[in-house]
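K.L.:
Let me begin by handing over the structure; questions about it come next.
The values are calculated or read from the model by the stated rules, or taken from the named source; none is laboratory data. Nothing here was measured: the structure is a model prediction, and the numbers come from that model. Heads up, the Cβs are rebuilt from the backbone with ideal geometry, glycines too, and the neighbour counts pull from every protein chain shown.
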Amino acid sequence: MLVAGVDEAGRGPLAGPVVAAAVILDPQRPIAGLGDSKALSPARREVLEPVIFAQALAYGVGLAQPEEIDRLNILQATLLAMRRALEALATLPELVRVDGNRCPDLTGSRIVCPVTAEVRGDARFEEIMAASILAKVHRDRLMVGAAGHYPGYGFEVHKGYPTPAHLRALDQLGPSPLHRMSFGPVKSRA
């Protein structure tokens, strides 16, 4: 059975997109060392990303931008990014496992198979582990790149999360176009 795992990265940051990934692993080509992206070092995630690209049957990445997060709310934007990741798959799954307790609405999508929500799925299912790694590496890379366009915020260090240094930068510089204006710490500094 072709099982797609789906996970996201970037629900908690104050800036940048929320990124979701969907991965269908090849049972004939197992990938050693998969784990929840939060439990792996950045270096280990960077090593695993090209292995997942090379050995997975299919993968897709979907984003929801800060303006979509502000318009829809973070939960709905996350589910939209998940739908986009699934729609980006070159191979159609026969089952979708989504990390968490909510599934994206796939009405009208080309994905027409059962979809299950799996609490702590990133610790139990390798396809979700692989998706979590792709989502995290992709988002981190986007935020490092954003640091060059929006200097002074420290995106290359905190990746948009609400660290003390990020909050100080917001106090000094105000929000950038990457900031999520609907998030309290950003809204209060606008």
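K.L.:
Given the conditions (1) surrounded by fewer than 22 Cβ atoms within 10 Å (Cβ to Cβ); (2) modelled with pLDDT of 95 or more; (3) of a type outside the set (Lys, Arg), and given that Ala4 satisfies all but one, which numbered condition is not satisfied?
P.N.:
(1)
K.L.:
If you don't mind, there's one more thing I want to ask. Got a sec? Which of Leu57, Leu80 is farther than 20 Å from Arg139 by Cα, surrounded by fewer than 23 Cβ atoms within 10 Å (Cβ to Cβ) and modelled with pLDDT of 95 or more? Lay out the reasoning, then the answer.
P.N.:
Working: Leu80 fails: farther than 20 Å from Arg139 by Cα.
Answer to the selection: Leu57.
K.L.:
Scan the stretch 151-164 and give yes if some residue there is at positive phi, surrounded by 15 or more Cβ atoms within 10 Å (Cβ to Cβ) and either of a type in the set (A, V, I, L, M, F, W, C) or free of Cβ contacts under 8 Å to residues at least 40 places away in the same chain (or both), otherwise no. Show your work before the answer.
P.N.:
As a first pass, look at the stretch 151-164 and keep what is at positive phi: 152, 154, 159-160.
Then keep just the ones that are surrounded by 15 or more Cβ atoms within 10 Å (Cβ to Cβ); that gives 154, 159-160.
Those still in the list that are either of a type in the set (A, V, I, L, M, F, W, C) or free of Cβ contacts under 8 Å to residues at least 40 places away in the same chain (or both) too: 154.
Yes: the stretch 151-164 contains one or more residues that are at positive phi, surrounded by 15 or more Cβ atoms within 10 Å (Cβ to Cβ) and either of a type in the set (A, V, I, L, M, F, W, C) or free of Cβ contacts under 8 Å to residues at least 40 places away in the same chain (or both).
K.L.:
Turning to a different aspect of this structure: Can you name the number of the only condition in (1) of a type outside the set (Gly, Ala, Ser); (2) within 30 Å of Pro175 (Cα to Cα); (3) not in a loop (DSSP other than H, G, I, E, B) that Pro104 fails?
P.N.:
So Pro104 meets the others, but not (3).
K.L.:
Continuing with the same structure: If you scan the stretch 39-54, which residues turn out to be surrounded by fewer than 17 Cβ atoms within 10 Å (Cβ to Cβ) and in contact with a strand residue (DSSP E or B) (Cβ under 9 Å, 6 or more places away or on another chain)?
P.N.:
Within the stretch 39-54, Phe53 is the sole residue that qualifies.
K.L.:
Would you please name the residue that is farthest from the chain's Cα centre (by Cα), looking only at residues in the stretch 114-147 that are assigned to a loop (DSSP other than H, G, I, E, B) and exposed (fewer than 15 other Cβ atoms within 10 Å of the Cβ)?
P.N.:
Quick first cut of the stretch 114-147, residues assigned to a loop (DSSP other than H, G, I, E, B) only: 114, 119-120, 124-125.
Applying the additional criterion that residues be exposed (fewer than 15 other Cβ atoms within 10 Å of the Cβ) yields 114, 119-120, 124.
Details: Pro114: 21, Val119: 16, Arg120: 15, Arg124: 18 Å.
This residue is Pro114.
K.L.:
For the stretch 40-62: of the residues being under 15 Å from the mean Cα position of the chain (by Cα) and free of Cβ contacts under 8 Å to residues at least 60 places away in the same chain, which is farthest from Leu178 (Cα to Cα)?
P.N.:
Of everything passing the filter in the stretch 40-62, Gly60 is farthest from Leu178 (Cα to Cα).
K.L.:
Is there any pair with a first residue in the stretch 20-36 that is crowded, with 24+ Cβ neighbours inside 10 Å and a second that is polar (S, T, N, Q) and in a loop (DSSP other than H, G, I, E, B) whose Cβ atoms are under 6 Å apart and which are 6 or more apart or on different chains, and what are they?
P.N.:
Listed pairs, sorted by first residue: Ile24/Thr91.
K.L.:
Find the residue count for the stretch 148-190, including only residues that are farther than 26 Å from Val61 by Cβ and either charged (D, E, K, R) or part of a strand (DSSP E or B) (or both).
P.N.:
4
K.L.:
Check off (1) within 20 Å of Gly160 (Cβ to Cβ); (2) surrounded by fewer than 18 Cβ atoms within 10 Å (Cβ to Cβ); (3) in contact with a helix residue (DSSP H, G or I) (Cβ under 9 Å, 6 or more places away or on another chain) for Glu67 and give me the number that stays unchecked.
P.N.:
(3)
K.L.:
Looking for whichever is aliphatic (A, V, I, L, M) and either over 16 Å from Pro30 (Cα atoms) or modelled with pLDDT under 95 (or both) here; the options are Ala131, Ala146. Which one fits? Let's see the steps before the verdict.
P.N.:
Numbers: Ala131 fails: either over 16 Å from Pro30 (Cα atoms) or modelled with pLDDT under 95 (or both).
Ala146 is the lone residue from the list that is aliphatic (A, V, I, L, M) and either over 16 Å from Pro30 (Cα atoms) or modelled with pLDDT under 95 (or both).
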